[in-house]
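The values are calculated or read from the model by the stated rules, or taken from the named source; none is laboratory data. All values derive from a computational prediction rather than experimental measurement. Glycine gets a Cβ as well: all are built from the backbone with ideal geometry, and neighbour counts include every protein chain shown.
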Amino acid sequence: MAIARPVRALGLAALMMWIFFLYTILKPTPGLVGPDKYKTFERDPQLDPLEEPEGKLWRATEDYAPDAKNPARINATLLALVRNEELEGMLQSMGDLERTWNSKFNYPWTFFNDVPFSEEFKKRTRAATKAECRYEVIPKEHWEVPSWINDDLYKESVKILKENDIQYADMLSYHQMCRWNSGLFYKHPAMENMQFYWRVEPKVHFFCDVDYDVFRYMQDRNKTYGFTVTIYDAPKSIPTLWPETEKFIAQHPEYLHPNNAQLWLTDKTRRPEHWEQANGYSTCHFWTNFEIADMSFWRSKVYEDYFNHLDRAGGFFYERWGDAPVHSIALGLFEDKSKIHWFRDIGYQHIPFFNCPNSPKCHGCTKGKFYDGEPFLQKEDCRPNWFKYAHMD
């Protein structure tokens with residue numbers, strides 16, 4: 001039996017409306033899918049021609065010689081947590097940083113290890129610099145698993161982390177390292193008289209000649225923290241870090257700085273799946289394998305209280321809280337965001353990410369490069385959010 005033409009028209013119209021309804025719900029939102037989703041600035045500022053910072057800069061003079069009687073150096077050090085077996089990678093990093101910067105200023109190197117350094121390590125690192133080298137062992141009470149961590153719960157937690165493909169989840173030393181880098185390194189007696197440090201990891205590259213004293217720059221401009229790369233963290237490694245932070249804020253609302261970067265920490269538009277899995281935290285963080293910082297912030301009552309709260313919560317072991325999100329959250333909430341500085345002029349690589357300025361002083365990296373590999377790594381770049389919610393300094 002043939003269906004009447006009006007009925008067919010009505011059915012076709014209903015079908016079209018249903019298709020339109022599904023399309024409205026499921027259609028890709030412009031600018032929120034594919035590679036373009038992550039291009040949230042019109043032009044990457046790293047592509048712009050680079051000039052040195054304005055204002056007075058401290059240049060290399062005889063006062064920066066290794067044996068200067070009245071050195072221009074301030075209380076600062078190059079800091080590396082490194083194992084004996086990572087010697088070759090450390091020499092790589094030292095060679096680059098000495099060539100591009102420290103051979104002019106001769107700031108001391110301070111090496112940390114949880115065991116004594118070998119004579120070969122000492123001999124070869126001393127030969128890589130004219131500056132003083134210091135070799136320190138981390139106190140056992142700073143490295144050991146704290147007494148309040150339940151070993152059975154830790155083991156069960158590791159299984160869950162491994163099921164979620166969290167890197168280094170079953171390496172106890174990695175958890176210990178994250179905790180030490182978060183809140184204990186600056187308590188070592190060797191750091192007692194130091195105010196600033198520049199963290200240097202094995203197997204990193206420095207590409208650009210920097211001709212001014214960056215520690216003096218930090219001091220003269222009243223900067224607390226300097227970074228080169230900011231990216232997203234693995235949300236399943238830190239599911240309770242933000243909830244614990246919110247508990248801390250509820251207890252100490254007075255600690256929030258009026259010019260904070262909380263919107264950078266809580267943005268959910270660019271990576272909503274991260275925000276959801278991290279329970280309200282964007283997972284944006286400064287990649288702390290490079291950081292230049294004033295330890296006065298870490299030594300403050302605000303940060304000490306925050307670190308102790310997190311330490312007691314156990315997430316350094318029951319989850320895989322890293323020093324990067326811990327430092328970044330603390331800076332983003334409790335410090336003036338104008339005191340956080342992007343060292344755009346320091347060319348840096350820790351595979352797969354770059355900070356590669358557009359400058360004739362940079363050699364060996366592609367100008368304006370941020371990542372090494374497939375374009376999908378662009379989504380890990382959190383600089384657009386920093387520029388949006390904080391500032392360009």
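Working only within the stretch 122-154, note down all residues that are within 30 Å of Asp63 (Cβ to Cβ) and not charged (D, E, K, R).
Within the stretch 122-154, the first condition is being within 30 Å of Asp63 (Cβ to Cβ), and the residues that meet it are 122-136.
Hits for the stretch 122-154 are Thr125, Ala127, Ala128, Thr129, Ala131, Cys133, Tyr135.
Residue count for the stretch 125-177 satisfying the condition of being within 23 Å of the chain's Cα centre (by Cα) and not in a helix (DSSP H, G or I): 9. Residues in the stretch 338-393 that are more than 16 Å from the chain's Cα centre (by Cα) and in a strand (DSSP E or B) were compared, and the one that is nearest to Ile231 (Cα to Cα) is Asn358.
To keep it simple, each residue is scored yes or no on (1) of a type in the set (Ser, Thr, Tyr); (2) more than 11 Å from Pro235 (Cα to Cα).
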{"site": "Arg271", "(1), (2)": "no, no"}
{"site": "Trp275", "(1), (2)": "no, no"}
{"site": "Ser282", "(1), (2)": "yes, no"}
{"site": "Trp298", "(1), (2)": "no, yes"}
{"site": "Glu304", "(1), (2)": "no, yes"}
{"site": "Phe307", "(1), (2)": "no, yes"}
{"site": "Ala313", "(1), (2)": "no, yes"}
{"site": "Gly322", "(1), (2)": "no, yes"}
{"site": "His327", "(1), (2)": "no, yes"}
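Residues that are surrounded by fewer than 22 Cβ atoms within 10 Å (Cβ to Cβ), within 19 Å of the chain's Cα centre (by Cα) and part of a loop (DSSP other than H, G, I, E, B) within the stretch 178-206 comprise Leu184, Glu201, Pro202, Lys203, Val204, listed in sequence order. From the list Lys140, Lys159, the lone residue that is within 19 Å of Ser237 (Cα to Cα) and loosely packed, with under 15 Cβ neighbours inside 10 Å is Lys159.
Just checking, which of Asn308, Asn279 is more than 18 Å from the chain's Cα centre (by Cα), more than 25 Å from Asp372 (Cα to Cα), polar (S, T, N, Q) and not in a loop (DSSP other than H, G, I, E, B)?
Asn308
From the list Asp209, Asp213, Asp151, the lone residue that is out of contact with any helix residue (DSSP H, G or I) (no Cβ under 9 Å at 6 or more places or on another chain) and either surrounded by fewer than 16 Cβ atoms within 10 Å (Cβ to Cβ) or of a type in the set (Asp, Glu) (or both) is Asp151. Which of the residues spanning the stretch 354-386 are of a type in the set (Phe, Trp, Tyr) and modelled with pLDDT of 90 or more? Selection gives Phe354, Trp386. A count restricted to the stretch 264-317 and to residues that are in contact with a Gly (Cβ under 9 Å, 6 or more places away or on another chain) and of a type in the set (A, V, I, L, M) stands at 4. Within the stretch 321-338, being touching a residue at least 40 places away in the same chain (Cβ under 8 Å) and either among the β-branched types (Val, Ile, Thr) or in contact with a Phe, Trp or Tyr (Cβ under 7 Å, 6 or more places away or on another chain) (or both) holds for Ala324, Val326, His327, Ser328, Ile329, Leu331, Gly332, Phe334, Glu335.
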